[in-house]
Amino acid sequence: MATDESAEFLAEDIVYALAAEAAAESKPGLVTASQTASHTDMDVFTLLRSACSLRDTFRDAALLCANLDVGQAINSCSSLFAELRSIGKYGEQVMFRVTGGVNTHKGGIFLGVLLAAAARIVVDREPFLNPSQVCLVARQLAFPALLSDMIFSDDDSDSVDHLSGGLRAWRMFGVQGIRGEVISGFSSVLNNGIPALELSLNRGVRIGAALTHTLISLMAVVQDSTVLNRVNDPKRLALVQDRANDILANGSIFTKRGKRLIRRANGEFTRLRISPGGAADLTAVSLYLHLWSSHGRVACKKNYSSLCEEVDGQSFWI
Ligand SMILES: CC(C)(COP(=O)(O)OP(=O)(O)OC[C@H]1O[C@@H](n2cnc3c(N)ncnc32)[C@H](O[C@H]2O[C@H](COP(=O)(O)OP(=O)(O)OP(=O)(O)O)[C@@H](O)[C@H]2O)[C@@H]1O)[C@@H](O)C(=O)NCCC(=O)NCCS
Ligand SMILES: Nc1ncnc2[nH]cnc12
């Protein structure tokens, strides 16, 4: 196997970001270090095991593009994307093997493979990777194939049972899921996720709390098909977006009221078994794109004394 320093560091940051997202607290309905929330088949250790197993997958995706410039990559996008998809499928097999069959990071694998490839294409020209450029190249690589997935899913068949959760949500309700996020050029990540993450870090909060605010900011806008996987009811997605918008309007992690609403949303989503897994994946994406753009340094002006505080008489981890 050829060695390539850029491919190694890109993969390393993706794995770190998936693990950091898993460990972060105060994520409504999602697995954290202290809860399994809406999930009965996985905990934080399952997610960490999965994240750690995927490093070679992301490295291989970057390596595949090590000698390509943007023009060459875009001219050969359909064959390149087919090769990336098979690297991603192999990554999915590894994930299912190490988790005993649990879907921990299907979306995270796809996004990581695509963005590692795009970043490796861009990195020779731009050592400080600009998130918009990386996302644009990723979009160009994936656009034809994802569009055809979506058009093809609209076949004559009345049944949607054979479709994946994402394609079913698209076909039944026009919810665009992961494909729409990529086709849009990662609009939620660029317009909501990364700005929220950087605002939090600039305000001096710790990385875990910054990830919570990033997640909430994404939940407010993302068309997350995971929310509809278990119950095909678009009202559930509207509920997630309403709750997230309400949290943001009340100060999110920066106010007591915001934190109270985060806690309340966690209780509600857990009761309803709602899991915003797509927004979780995009939280990790926001983190590694931020890391790549700042050369691997998270500007964490730490305040460890606020690690755990009381909200309504209960501890609130941030
Ligand atoms: C293109 C692929 C992504 C394959 O797509 P596929 O159609 O197979 O999958 P989708 O159902 O479309 O969704 C994939 C995952 O994407 C995440 N996601 C959803 N919405 C968004 C969004 N708006 N932005 C970003 N990411 C999004 C989501 O992943 C997360 O949730 C998963 C956990 O969900 P959970 O409900 O707990 O697990 P389940 O097992 O489904 O249910 P339970 O048993 O628990 O009830 C977790 O994976 C997170 O990562 C979606 O799950 C790509 O994978 C691909 O190309 N693969 C190769 C195979 C292929 O070629 N397929 C093409 C089919 S046409
Ligand atoms: N923290 C999390 N909880 C549940 N599903 C996830 N998929 C990715 N991260 C997740």
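The values are calculated or read from the model by the stated rules, or taken from the named source; none is laboratory data. Please read these numbers as outputs of a predicted model, since none were measured by experiment. In this analysis, Cβ positions are derived from the backbone assuming ideal geometry, glycine residues included, and neighbour counts consider all displayed protein chains. These accessible areas exclude ligands, DNA and RNA; they are computed on the full protein's heavy atoms, side chains included. Shrake-Rupley method; radii C 1.70, N 1.55, O 1.52, S 1.80 Å.
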Confirm whether Gly208 is more than 19 Å from the chain's Cα centre (by Cα) and away from ligand 1 (no atom under 16 Å from the Cβ). no
Residue count for region 1-53, restricted to those that are within 11 Å of ligand 1 (Cβ to nearest atom), at positive phi and open to solvent by 20 Å² or more (accessible area, probe 1.4 Å): 1
Over region 149-196, the set of residues among the hydrophobic types (A, V, I, L, M, F, W, C), under 27 Å from Ala244 (Cβ atoms) and open to solvent by 50 Å² or more (accessible area, probe 1.4 Å) is Trp170, Met172, Phe173, Ile178
It is to be established whether one or more residues within region 43-50 are assigned to a helix (DSSP H, G or I), near ligand 2 (Cβ under 9 Å from one of its atoms), among the hydroxyl-bearing types (Ser, Thr, Tyr) and free of Cβ contacts under 8 Å to residues at least 60 places away in the same chain. yes
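Would you check which residues across region 69-94 are part of a loop (DSSP other than H, G, I, E, B) and either buried (at least 21 other Cβ atoms within 10 Å of the Cβ) or in contact (Cβ under 8 Å) with a residue 12 or more places away in the chain (or both) and list them?
Once the filter is applied, which keeps residues that are part of a loop (DSSP other than H, G, I, E, B) and either buried (at least 21 other Cβ atoms within 10 Å of the Cβ) or in contact (Cβ under 8 Å) with a residue 12 or more places away in the chain (or both), region 69-94 yields only Asp69.
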What number of residues in region 30-42 are out of contact with any Asp or Glu (no Cβ under 7 Å at 6 or more places or on another chain) and in a loop (DSSP other than H, G, I, E, B)? 7
When restricted to Gly208, Gly193, the only residue more than 18 Å from Cys135 (Cα to Cα) and out of contact with any strand residue (DSSP E or B) (no Cβ under 7 Å at 6 or more places or on another chain) is Gly208
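Criterion first (outside any loop (DSSP other than H, G, I, E, B) and either surrounded by 13 or more Cβ atoms within 10 Å (Cβ to Cβ) or of a type in the set (Asp, Glu) (or both)) does Leu146 satisfy it?
yes
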So which residues in region 151-182 are under 15 Å from the mean Cα position of the chain (by Cα) and of a type in the set (Val, Ile, Thr), if there are any at all? Ile178, Val182
Before we move on, is Leu63 at pLDDT 95 or above and part of a helix (DSSP H, G or I)? yes
Filter region 95-120 down to residues that are open to solvent by 10 Å² or more (accessible area, probe 1.4 Å) and more than 16 Å from ligand 2 (Cβ to nearest atom) and give me whichever is modelled with the lowest pLDDT. Arg120
Determine whether Arg85 is of a type in the set (Lys, Arg), more than 17 Å from the chain's Cα centre (by Cα) and more than 19 Å from Ile14 (Cα to Cα). no
Restricting to region 121-143, name every residue that is within 14 Å of ligand 1 (Cβ to nearest atom) and open to solvent by 10 Å² or more (accessible area, probe 1.4 Å). Arg139, Phe143
